[in-house]
Each structure stands twice: as C-alpha cells, then as structure tokens.
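What follows is a single structure, written as structure tokens, with notes after it.
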Amino acid sequence: MVKARKAATDAPRRTWLRGAPPPRWVRVLPVLLLVGVGAASLSDSVPVDLGFLLGAVPPLAVLAYGPWATAFLGAATIGLLTLPFFHLNRPGNTDLFTLGFVATLSVFVSFVRGRRDEQLDLERTVAETAQRAIVPDVRRQVGPVRCASLYRAAERGTLVGGDFFDVRPGPHGVRAVLGDVQGHGLSAVATVASVLGAFREAVLDDVDAVSIAARLDRRLVVDSARTEHAELFATAVLLDFAPRGREVRVLACGHPPPVLLRGGAVSTVELDPGPPLGLGLADVMPGTSTTVSLLPGDRLILASDGVLESRDASGAFYPFVERLAGMTGVGMDELPGEIWSDLCRFAPKIQDDVTLLILALDASGPA
C-alpha cells in the first residue's frame, strides 16, 4: 500500500514551523555566531567591533535548545564579551545588564517552549491515533484482493477529511467502498466515522452491495434526523468481490464509476448509478449494479472528487482517464504515487480531499 502519511508523494511532512524539530542549521547557528565573533575579535584585520552580534545568541538558542543549553550559551556570550583576551570593547554596566536580562529571559522562554512542545506532541499523538482509528491503513492483501491506496486530506495538518474508503473480508466475500461525505476537513470526520462503522457491520451481515448501500443510507438518514437542518449525504462506490471466481459487482451511489485498467487499455465501468446515500432513496431507487469479470492483471481504480474535479490554471478538469492511459505500465504499488504526482503537476492548488483506491485480484487466485 502506498501510504499518504509517510512518503513524499503523500501527505505533507511537518516542517519546522509546523511542529517538526528544528533543522540542523538552526541548532548550529548560535554556536557558529559565538565562535565566529570570538575568532574575528582576535584578528587585527577586522576594524569593526562585532560585540553587538552576541546579543542575538540567546534568542537564537531558544529556537533549538532547552533551558540548560540556552543558559550555557548565554553565560558563554557574557564571558566572551567581558574577557579582555578577545579584545572586544569593554561594555558598560548597562550593556551587561541588558545582555544578562536577555539571556535570563531566553532561558525562561526556552522552558515555556519546551513544555508547550511536549503538550503539543501529546495532543498530536492522540489526534493522529484517533484519526487512524477512523480510517486505518488498508492492508496490501485482503483475502484474494490486492490493494493500493492514497489518502490526502484537504485540511492541512489532518489525516482524515471528508473522504472514506475501506476494504474488508466477510462471510459473503471481500467488500470495498470509497466515497465522499458532504463537506471536507474536520467538520466531516464524524460523518465519515459513522458511515465506515455502518459499512464494517454490513460486511458481516448483508449479502450484497445493494443491501450495504441501504444500510449506509439509513445510517445517514438517522444521523441527519438528530441534528436540525443537518442534511447529511454521501456519494459512494461499493464493490462486492465474489468468494470464488474472478468477478466483482459494482454499485455506484451518486459517485463516478471506477476505471478499469486492462493491459494497455483504460475504460470506465458502465453502470446506472443510484442517488447519493442519506436521501432515504436507497431502497426505492438503488441504482443498477453491474458485474465485471476481471482478467489476470486487471486493476480497478476508484477516485474521489478531489481527483476528478481538480482544475488546472485555465479551469479545465483533470482528465483522469486520459492521464491513466500513460500510466498503464506503472506497477500497482507505485501507481497511487504516480497519479498523485501527475495531479500535483496539473493542478496548481488542490482544495479537496484526494483519495485513490486500486484493487486487483491476486493472479494466483481461482480462474
């Protein structure tokens, strides 16, 4: 599985200004400044007094060091400024008091920053654990079905948005779902959790994709009734892999159908989609499912609106099928990252959740 939370082609890594540890150059900078000023003061070729630069050492130390290291660098700064050996102009009392106050204040700020970072790390760990519990990583192999996926939440700093997907084994075969709830970002996480919970129960009980869709539809209707003017709905594609053989039934509920990669050809699965989930119409107008016979090497690709509705600078939609035609030779595990890289090159700014789910039957499975 290509995980959107680790690789460069997936979710963005935390940077220094977004909670990651400071880069090495930030840690080295106050030490280099201290050593550089000391070395320059011993040279007769430097006509300018560089002692004023030492005032920057304690504040720079706050960015990367703890209280004890910051205190050491502050003391070293005062010592360097006052020792006659370094030929720096002898500072007055006011200069020393000012530098001492800055160094003391820097130690205090470093202590506060360290405590804050510990709390933020704890909160981030809890948040990531909760989000991963909602949308866990899909295994590379679920029964006879091989899986590869990519999930990129639109809201920066989160792992879960308004898209959902899962692949689960059950007594009636392997079931897969990919969908998009109303809205995106953290406001849609509760709906995603509710829909996926209903799907995982349905995999154990319901015998076909139509029954699963009816259960998801009922779940959203009930949740919507609890909140005034909620109007929760979701689009989804459901796949029902037969326990034996190489067939899969596909049902679309207001969502674009999957794309089939067969050899060097790319085609969209033709079916009659039903209404979105959450409107209370799944039992009345369930849509027409279609059966796809998969040959060895065939791959089904499901994509969310974040892929299909991304636009370039001129406003043109991302030509998903046409672009896939140039990727038929890419391996299954590498394909999600390849699509994501191509999408980033096409669209200058991606504003919606991006989800890809690629499924194929194991070549060693039954003929």
Counting only residues in the range 339-367 that are surrounded by 16 or more Cβ atoms within 10 Å (Cβ to Cβ) and without any contact (Cβ under 8 Å) to a residue 60 or more places away in the chain, the one farthest from Ser267 (Cα to Cα) is identified as Ala347
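Let me confirm something: among Ala313, Ala234, Ala213, which residue is touching a residue at least 24 places away in the same chain (Cβ under 8 Å) and under 20 Å from Leu150 (Cα atoms)?
Only one candidate passes the filter, namely Ala234.
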Note: among Thr235, Thr268, just one is assigned by TED's automatic domain parsing to the domain that holds Val330 and surrounded by fewer than 20 Cβ atoms within 10 Å (Cβ to Cβ), namely Thr268
Of the listed residues (Gly297, Gly315), the one being out of contact with any strand residue (DSSP E or B) (no Cβ under 6 Å at 6 or more places or on another chain), at pLDDT below 90 and more than 30 Å from Asp208 (Cα to Cα) is Gly315
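Residue-by-condition table, conditions (1) assigned to a loop (DSSP other than H, G, I, E, B); (2) in the same structural domain as Pro58 (by TED's automatic domain parsing); (3) among the polar types (S, T, N, Q); (4) modelled with pLDDT of 75 or more:
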site	(1), (2), (3), (4)
Phe85	no, yes, no, no
Leu88	yes, yes, no, no
Pro91	yes, yes, no, no
Leu99	no, yes, no, yes
Val102	no, yes, no, yes
Val107	no, yes, no, yes
Arg113	no, yes, no, yes
Arg116	no, yes, no, yes
Asp121	no, yes, no, yes
If we take the range 258-367, then strands (runs of 3 or more DSSP E) inside it with 1 or more residues that are of a type in the set (Ser, Thr, Tyr) are 265-268, 290-293, 354-361
Does Thr291 fit the bill of being touching a Lys or Arg at 6+ places or on another chain (Cβ under 6 Å) and either assigned by TED's automatic domain parsing to the domain that holds Arg168 or surrounded by fewer than 19 Cβ atoms within 10 Å (Cβ to Cβ) (or both)?
yes
Sole miss for Asp49 among (1) at pLDDT below 70; (2) buried (at least 17 other Cβ atoms within 10 Å of the Cβ) is condition (2)
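The values are calculated or read from the model by the stated rules, or taken from the named source; none is laboratory data. Please read these numbers as outputs of a predicted model, since none were measured by experiment. Ideal geometry is used to build each Cβ from the backbone, glycine not excepted, and the neighbour counts take in all protein chains shown.
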